[in-house]
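The values are calculated or read from the model by the stated rules, or taken from the named source; none is laboratory data. Worth saying up front: this structure is predicted, and the values here are computed from it rather than measured. With ideal geometry, Cβ positions are generated from the backbone for all residues, glycine too; neighbour counts draw on all protein chains shown. Ligands, DNA and RNA are excluded from the accessible area calculation, which covers all protein heavy atoms including side chains. Shrake-Rupley method; radii C 1.70, N 1.55, O 1.52, S 1.80 Å.
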Amino acid sequence: DGAQVAAAAGDQEHDAHRLARRRHATYSLAQALLPPRVPALKRVAVLQSNYAPWRGQFALMASVNTFVFYDEVQFTVRDWRNRNRIGTKDGIRWLTVPVPGHSRSKRVSEVMLESPAWQAEHARILRDTYRKAPHFAQLEGVVAAVLEGREWQRLVDVDRALLLTLTR
């Protein structure tokens, strides 16, 4: 029995060396006998865009390899697509990006914005609300650049710009 085990081990070692020579590399017996490495799994998150990213969205993005904006779905009214809540000293306040009434029949990626007037107003509200908050001074320029730096035509572009600018 011992001779058979030794012969089997010798055969395995011979196979390992043959495999190593074929690949022009040197492998140990253990490396040659182990199953091939399984590539690391890729983690993907797919979310519909929202106006103003939420804290959990940053954590989700940090935990995946690929983040996908899923904007080829129907736009939903009175939802997070074009509005968000902020905490103020007087309680919760909604910030709503105005979109045309006929947007209900469109995909999120197709929703156009009515006018740029809301942009400066939202920047002012955020500045007034959070100016004394820790670290707001670091973010104020980023928020101003997105909300006041250009006139946005599509809702999805504002959503992406806010998220991507804040994650840099």
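Put a dot 7 Å past the Cα of S109, heading toward its Cβ, do the same for K132, and the two dots end up 4.5 nm apart. Taking the protein heavy atoms of segment 39-101 in the context of the full set of protein chains, the accessible area attributed to carbon and sulfur is 54 percent at 1.4 Å. Semi-axes of the equivalent ellipsoid for segment 69-168, computed as √(5λ) from the eigenvalues of its C-alpha gyration tensor and ordered from largest down, come to 24, 15, 12 Å.
Quick check: residue separation of L60 and I86 times 0.36 nm, minus the Cα distance between them. What number comes out in nm?
Numbers: separation 26, 0.36 × 26 = 9.36 nm, distance 2.04 nm.
Computed gain between L60 and I86 is 7.3 nm.
Roll a 1.4 Å probe over the protein chains and send me the accessible area per residue for segment 113-168 in Å².
Working: 3290 Å² over 56 residues.
With the other protein chains kept in place, segment 113-168 gives 59 Å² per residue.
Each peptide in 75-85, 132-142, 114-124 gets a packing score, the mean of other Cβ atoms within 10 Å over its residues, and the list from highest to lowest is 75-85, 114-124, 132-142.
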